[in-house]
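Take a look at the structure set out below.
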DNA sequence: CGACCGATTTGCT
DNA sequence: GCAAATCGGTCGT
């Protein structure tokens, strides 16, 4: 990861460049903090899988705003998922936070996800959002503003980054959309992947 | 106004 | 491994 001063400029980079470098960074909401171990890139304008693909709507408006803000959406009638907006303003790309390791506020995280093993607390995008207490209340907050309830903080150096193509997309079979840290128990079970160049 | 879909998780088999 | 649960956004009538 990078130092704090570089976070803003990193997030303004193209999403495929910013996404893997978010691994190891820490997302904190109140007392609960999570070290990111798995993310996925969504390229607003060109990615059919992106919520921004069909243009701006009230729901995805945050994606079209400046980088570094939190895009939270509700899906499957019961889950919230969290994204970090990246790229130049108006490009509407974002990084879906898929998994992480709870590094602070373990008690509260367990409370929010009863009966869950610690390593599963943030294993999966909706699980991560739940453990951190992320919902519409924090939609659009600036993660780089020290006054925000949700903050993105630089992490220690991360281990090896693996990447793999996202299934179900016709375009971008050559492009790695998914990034995760090797040898992390909090990452989703098994994915075929290769080291990031 | 109504129908259909979805960047998923969970629980049961 | 598979199906249920559950509802806001989006689009068509």
For chain A, what does -39500 (n - 2.57) per DSSP helix run (n ≥ 4), summed and divided by total residues, give at 222 nm, in deg cm²/dmol to the nearest 500?
-4000 deg cm²/dmol
Per residue, how much space in cubic angstrom lies within the convex hull of the C-alpha atoms of chain A?
115
Based on alpha-carbon positions alone, could you give the equivalent ellipsoid semi-axes of region A:49-112 from the gyration tensor, as √(5λ), descending, whole Å?
26, 14, 9
Quick check on region A:78-173: what are the equivalent-ellipsoid semi-axes from the Cα gyration tensor, as sqrt(5λ), descending, whole Å?
23, 19, 15
Gap separating the Cα centres of region A:122-139 and region A:100-115, nearest whole Å
11
Which value in nm describes the separation of the simple spin-label points at residue A:89 and residue A:13, placed 7 Å from the Cα toward the beta carbon?
2.2
So what is the relative contact order of chain A, in percent, for Cα pairs below 8 Å that sit 6 or more residues apart?
26
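Since every read-out is calculated from the coordinates, none of them should be taken as a lab result. This one's a predicted model, so the numbers in the text were calculated from it and none came from an experiment. As a convention, Cβ positions derive from the backbone with ideal geometry for all residues, glycine included, and neighbour counts pool all protein chains shown.
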